[in-house]
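Reading through the structure tokens given below for one structure.
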Amino acid sequence: MPKMMKMIKLKKLEKRGKSDMNKIDIIARRILGWKLNRWDRWYDFEKGIFIYEHEFQPNQNLDHAMIIVEKLKKLGFTYSTKGEYEVCFNEVCETGDTLAQAITNTAYSIAENSSVDDEWL
């Protein structure tokens, strides 16, 4: 990769923030069941595909966030919204600047608090 492209990628990662990266990684691994394959990608055993970090942005992309919603529904959670940017899965509720961000924040709260039983995954 050319030096300039590496610098641009690093700037984007810095801009995105380490906490967002950690949040998405926790969701990917604990809720979606993806395994970290390399520093920049996960492996989805259900679909047999690699997902690169830059290809999964649930806090910015509603379609990606809905992948989390569908997985949590399969795990027995009930999805609901309160207002435009507040999301609940069962009794766990969070807000965000967008609906996608609210979904991501709520999923992270569930994953971080170990509310998802490991046997479900």
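The values are calculated or read from the model by the stated rules, or taken from the named source; none is laboratory data. Remember, predicted model here, so these are calculated numbers, not experimental data. All Cβ positions, glycine included, derive from the backbone under ideal geometry; neighbour counts span all protein chains shown.
Take the residues of region 44-68 that are part of a strand (DSSP E or B) and either hydrophobic (A, V, I, L, M, F, W, C) or modelled with pLDDT under 95 (or both): which is nearest to THR106 (Cα to Cα)?
Step one: list which residues in region 44-68 are part of a strand (DSSP E or B), which gives 44, 49-52.
If we keep only those that are either hydrophobic (A, V, I, L, M, F, W, C) or modelled with pLDDT under 95 (or both) too, we end up with 49-51.
Working: ILE49: 26, PHE50: 25, ILE51: 22 Å.
By that ranking, first place goes to ILE51.
Just the residues that are part of a strand (DSSP E or B) and of a type in the set (A, V, I, L, M, F, W, C), please, taken from region 79-111. Write out each step before concluding.
Within region 79-111, the subset part of a strand (DSSP E or B) is 79-81, 86-89, 92-95.
Correct list: VAL87, CYS88, PHE89, VAL92, CYS93.
Among the residues of region 69-78, are any crowded, with 16+ Cβ neighbours inside 10 Å, assigned to a helix (DSSP H, G or I) and modelled with pLDDT under 95? Among the residues of region 69-78, not one is crowded, with 16+ Cβ neighbours inside 10 Å, assigned to a helix (DSSP H, G or I) and modelled with pLDDT under 95, which makes the answer no. Any residue in region 73-91 that is among the aromatic types (Phe, Trp, Tyr) sitting within a Cβ distance under 9 Å of a residue that is in a loop (DSSP other than H, G, I, E, B) and loosely packed, with under 12 Cβ neighbours inside 10 Å? List the pairs, counting only those 6 or more apart or interchain. Within 9 Å, the pairs are TYR85/ASP97; PHE89/THR78.
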